[in-house]
Amino acid sequence: MFPKTYRFIFSLMLPLISTYFLGAQSNDETIDMSDVYTIESPSPKFKSIHLQSHKGLPRFGAQNMYYSKNRDGVFTGANRAKNKLVKQGYTNYYKLLEMKQLHAYFDDIDREYLTLITRENSGNRKDLNSSIAQKILLPLAYGIGSSEQIRTYFCDPMDPNCRFKGNWGGSRDDFEMQEKYAAYVKENLDDLRTWSKTLFQGDRQTAYLVHKYEFSPYGRPVISYDFDQNGFWIDVFPSNRNPHSKGFQFLRDETFFFEFLPETPYGNAHLNSMTDTNSYWPKMLLKMDASDAEALVNRKPKSIYAAIKVTIVLKGVEEPQVSIPYIKYTFHLADPLIEFYEDVALTQKFGQISLENPIYQK
């Protein structure tokens, strides 16, 4: 243990030491937000929502998880921070969107007490709605809350480690949980609901769906070049039957793209080319000169990526009796041009397909 004099001197020097080392890393640790789509929080009580973006629109499907290293071969703190920021952003986005789409459930929420479903009230629609809304609200409130909100509503003052911060009040005490829940709802629920209504204006959202294909995962291409047709045969939309393709990074993305319902002539033409919409997506020719294709193969990208501009549309809500309702969406193409990239950041474009003049494999 240092003598008191030394401890005092060290305490005075600590801010200077911290400033020195943080300053030395400031350039390396700055988070690049150029590929991030931000939904600004309406209040300092809540975190802003950060999603990945492409060409200024939200990005769904295969994501850039920022695993790249700096020039010294080290994963940067900025990359780790950005990864965490985006992961939390998608979780908060889907929960806030759930709040918007399930507005009828939140109309019935009990603002004073946590609703417990028993045999006696299992047939009470209002109690069921309240219970479901409360189940949605708890993780949303915790995930989207500021640090101060977390301390206020999810940390027990007697427990500095906040071991039960997944509970209201950070406690297992029923009375404490009820008290913190009621206080949170009174102060925050209406603000959150107002914010949720700003998402998906007109019940639709234009965005990019990014699909990942394994190209040369073992140093050799698994998608072969057709010399007669001068291109690669590739399925444009996600297909569970394609062993070389990988789809969604986040679990809720697939709900947006479960049903393809085109609204354009080229979209309808593509839908008509499908023989079995549950298992088969026709392959299309991604044209490339042989020399360009050889150069791509020689660069040995493990994966390639297709960026598809789409519009996601709310279809409706499927309401089971007890469990959380299932929100259904459809999507259609917002642009006939499908662009292909050899990097997950979508900066190195190498080809494109137009659905206005596609060449299908026979």
Problem - Cα gyration tensor of the range 319-362 - equivalent ellipsoid semi-axes, whole Å, descending - result: 35, 17, 10
Problem - Three principal axis lengths of the range 73-192 [C-alpha, angstrom, descending] - result: 61, 37, 26
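Run the accessible area of the range 45-198 with a 1.4 Å probe and give the carbon-and-sulfur part as a rounded percent. Each step should come with its number before you reach the end.
On the way: 3890 of 7780 Å².
Carbon-and-sulfur percentage of accessible area, whole number: 50.
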Completion exercise
D (µm²/s, integer) via Stokes-Einstein for the range 281-323, Kirkwood Rh across alpha-carbon pairs, 4 °C, 1.567 mPa s: value 85
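Could you pull out the GluC sites (Glu not before Pro) across the range 273-362 that fall in loop regions by DSSP (anything but H, G, I, E, B) with no more than 16 other Cβ atoms inside 10 Å? Each step should come with its number before you reach the end.
On the way: sites: Glu294, Glu318, Glu339, Glu342, Glu356; in loops: Glu342, Glu356.
Qualifying residues, ordered by number: Glu356.
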Handout entry: Value in Å of the Kirkwood radius, where the range 266-362 supplies the Cα pairs that are averaged
Key = 16.2
Exercise for the section: Restricting things to alpha carbons, tell me how big the range 153-241 is in terms of Rg and Dmax, in Å. Expected result: 25.8, 74
Handout entry: the range 293-323 and the range 100-114: distance between their alpha carbon centers, rounded to Å
Key = 33
Fill in the blank from the handout: If each part is reduced to its alpha-carbon centroid, the range 183-221 and the range 324-362 end up apart, in Å, by 18
Completion exercise
The simple spin-label model distance between Ile31 and Gln201, using points 7 Å out along Cα→Cβ, in nm, is 2.5
Handout entry: Cα-based Rg of the range 291-347 normalised by 2.2 N^0.38 Å, two decimals
Key = 1.84
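The values are calculated or read from the model by the stated rules, or taken from the named source; none is laboratory data. Here the structure is a predicted model, which is why all the values come from computation and not from measurement. Note that we place each Cβ from the backbone using ideal geometry, even for glycine, and neighbour counts take in every protein chain shown. What goes into the accessible areas is simple: the full protein's heavy atoms, side chains included, and nothing from ligands, DNA or RNA. Shrake-Rupley method; radii C 1.70, N 1.55, O 1.52, S 1.80 Å.
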